Amino acid sequence: MKSELTNGSSITNKVALLLIEGARLPVRKRNTDDWIEGEIVAKRAGENGEQEFYIHYIDYNKRLDEWVLDDQLDVSKIKLPQTKNSRPVSPTAMLTTLNKCNRKRKIEDSNGYSSSHSASSDTDESPIVPPTPIGPPSTGSLNQNQSTYDGLTRIKNVQQIEMGRARMTPWYFSPYPQELCNLPVIYICEFCLKCLKSKQCLLRHTTKCKLYHPPGNEIYRKNNISVFEIDGRKNKSYAQNLCLLAKLFLDHKTLYYDTDPFLFYVMTEYDAHGLHMVGYFSKEKESSEDYNVACILTLPCHQKKVGSYWPPEVKGLRL
């Protein structure tokens with residue numbers, strides 16, 4: 001954290017009061033020298049006792065959000081969140097007022113005045129309390145649906161997942177069990193999509209898992225590419241696991257558990273060990289608004305080669 005403002009006064013402890021959720025300031029992106037305007041979404045105590053801040057970079061995709069240390073923040077240009085009918089307060093003006101109030105208290109204490117007398121003083125100066133934000137911030141994807149705002153969903157909660165031979169870094173929040181989110185890696189069975197807490201658990205699970213391809217009907221096959229149609233009501237467990245996995249890479253996905261009204265079309269790639277998921281799309285069985293696709297996803301580890309995968313026969317299912 002830059003500990004000095006333009007007047008050169010040290011304000012390290014006092015500036016901490018200004019670093020509240022919703023405040024905006026320049027942030028030095030991790031492993032770069034670029035300063036980008038960011039918004040403080042949350043803060044926490046790090047493993048070494050250092051204060052960490054979760055930053056959303058303004059006008060950047062939420063997948064780039066990250067935890068940063070206080071020395072990556074330029075507090076001299078901080079912009080505090082505003083409440084209704086309030087005027088913006090610069091950090092310099094706020095800290096000047098705080099300094100005056102602190103000097104005033106020291107003088108009163110030295111003269112023997114009580115805190116109650118100080119409160120009834122005829123001086124109009126009083127500490128400026130940083131304003132609290134009105135509801136959720138309007139940055140990122142949340143500005144499209146403020147009524148469903150939940151601060152926790154703005155923070156990526158899974159560090160990494162391992163699925164088959166691929167290890168991927170998630171882009172967004174997904175409501176996996178909290179005990180798994182605290183682990184450095186979540187292991188996912190690439191056939192039934194069940195999440196497990198360790199490599200040993202995954203190895204034990206593979207000896208019991210009877211799936212070598214997605215459940216449901218195979219509706220397309222050409223060379224080593226197959227597509228399976230899965231009913232969200234008949235294969236509820238698989239469909240729910242698929243939705244949790246997809247939410248890691250889809251910001252606007254809201255369906256997690258109520259999979260009954262949907263059909264899922266999962267594309268797989270065949271090798272000697274089974275049929276491995278490449279991507280999927282879903283559609284409602286009966287759409288009142290005549291939507292043809294609910295969600296579509298290609299796993300990041302396949303995104304550079306999947307362009308020619310979806311054949312015309314399968315694309316026709318989305319029309």
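Determine, yes or no, whether V15 is modelled with pLDDT under 75 and either crowded, with 16+ Cβ neighbours inside 10 Å or under 15 Å from L69 (Cα atoms) (or both). It would help to see each step written out before you state the result.
Working: modelled with pLDDT under 75: yes; either crowded, with 16+ Cβ neighbours inside 10 Å or under 15 Å from L69 (Cα atoms) (or both): yes.
For V15, the condition - modelled with pLDDT under 75 and either crowded, with 16+ Cβ neighbours inside 10 Å or under 15 Å from L69 (Cα atoms) (or both) - is met.
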Name the residue, out of D74, D70, D59, that is more than 12 Å from G22 (Cα to Cα), free of Cβ contacts under 8 Å to residues at least 40 places away in the same chain and out of contact with any His (no Cβ under 9 Å at 6 or more places or on another chain). D59
When the stretch 61-84 is checked residue by residue, the ones that are open to solvent by 20 Å² or more (accessible area, probe 1.4 Å), closer than 20 Å to W171 by Cβ and assigned to a strand (DSSP E or B) are E66, W67
Considering the stretch 61-73 alone, what residues qualify as being at pLDDT 90 or above and either among the acidic types (D, E) or in contact with a helix residue (DSSP H, G or I) (Cβ under 6 Å, 6 or more places away or on another chain) (or both)? D65, E66
Can you list residue pairs whose Cβ atoms sit under 7 Å apart, with the first residue in the stretch 226-251 being more than 22 Å from Q160 (Cα to Cα) and in contact (Cβ under 8 Å) with a residue 60 or more places away in the chain and the second being assigned to a helix (DSSP H, G or I) and β-branched (V, I, T)? Count only pairs 6 or more apart in sequence or on different chains. V227/V314
Tell me which residues, restricted to the stretch 206-216, are more than 18 Å from E269 (Cβ to Cβ) and open to solvent by less than 30 Å² (accessible area, probe 1.4 Å). C209
Within the stretch 18-45, the residues that are closer than 17 Å to L64 by Cβ and open to solvent by less than 10 Å² (accessible area, probe 1.4 Å) are L25, V27, G38, E39, I40
In the set R24, R30, the lone residue that is closer than 30 Å to H252 by Cα and modelled with pLDDT under 90 is R30
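Could you go through the stretch 168-188 and let me know if any residue there is among the acidic types (D, E) and either closer than 21 Å to T153 by Cα or surrounded by fewer than 15 Cβ atoms within 10 Å (Cβ to Cβ) (or both).
Keep residues of the stretch 168-188 that are among the acidic types (D, E), which gives 179.
Narrowing the set further to residues that are either closer than 21 Å to T153 by Cα or surrounded by fewer than 15 Cβ atoms within 10 Å (Cβ to Cβ) (or both) leaves 179.
Yes, that holds for at least one residue.
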So, in the stretch 49-60, of the ones that are modelled with pLDDT of 90 or more and either part of a loop (DSSP other than H, G, I, E, B) or among the β-branched types (V, I, T) (or both), which residue ends up surrounded by the fewest Cβ atoms within 10 Å (Cβ to Cβ)? D59
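Taking the conditions exactly as written (closer than 11 Å to V227 by Cβ, more than 16 Å from the chain's Cα centre (by Cα), open to solvent by 20 Å² or more (accessible area, probe 1.4 Å) and modelled with pLDDT of 90 or more), does L263 satisfy them or not? So that I can check it myself, show each step before the final result.
Working: closer than 11 Å to V227 by Cβ: no; more than 16 Å from the chain's Cα centre (by Cα): yes; open to solvent by 20 Å² or more (accessible area, probe 1.4 Å): yes; modelled with pLDDT of 90 or more: yes.
For L263, the condition - closer than 11 Å to V227 by Cβ, more than 16 Å from the chain's Cα centre (by Cα), open to solvent by 20 Å² or more (accessible area, probe 1.4 Å) and modelled with pLDDT of 90 or more - is not met.
Conditions tested, residue by residue: (1) modelled with pLDDT of 75 or more; (2) buried (at least 19 other Cβ atoms within 10 Å of the Cβ).
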| residue | (1), (2) |
| --- | --- |
| Y270 | yes, no |
| L275 | yes, yes |
| F281 | yes, yes |
| E284 | yes, no |
| C295 | yes, yes |
| L299 | yes, yes |
| Q303 | yes, no |
| G307 | no, no |
| K315 | no, no |
Among the residues of the stretch 230-246, which ones are under 15 Å from F281 (Cβ atoms) and out of contact with any strand residue (DSSP E or B) (no Cβ under 7 Å at 6 or more places or on another chain)? C243
Answer with yes or no whether K222 is touching a residue at least 24 places away in the same chain (Cβ under 8 Å), in contact with a strand residue (DSSP E or B) (Cβ under 6 Å, 6 or more places away or on another chain) and open to solvent by 30 Å² or more (accessible area, probe 1.4 Å). no
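The values are calculated or read from the model by the stated rules, or taken from the named source; none is laboratory data. Quick caveat, the model's predicted, so the values are computed rather than measured. With ideal geometry, Cβ positions are generated from the backbone for all residues, glycine too; neighbour counts draw on all protein chains shown. Just the protein is used for accessible areas: all its heavy atoms, side chains included, with ligands, DNA and RNA removed. Shrake-Rupley method; radii C 1.70, N 1.55, O 1.52, S 1.80 Å.
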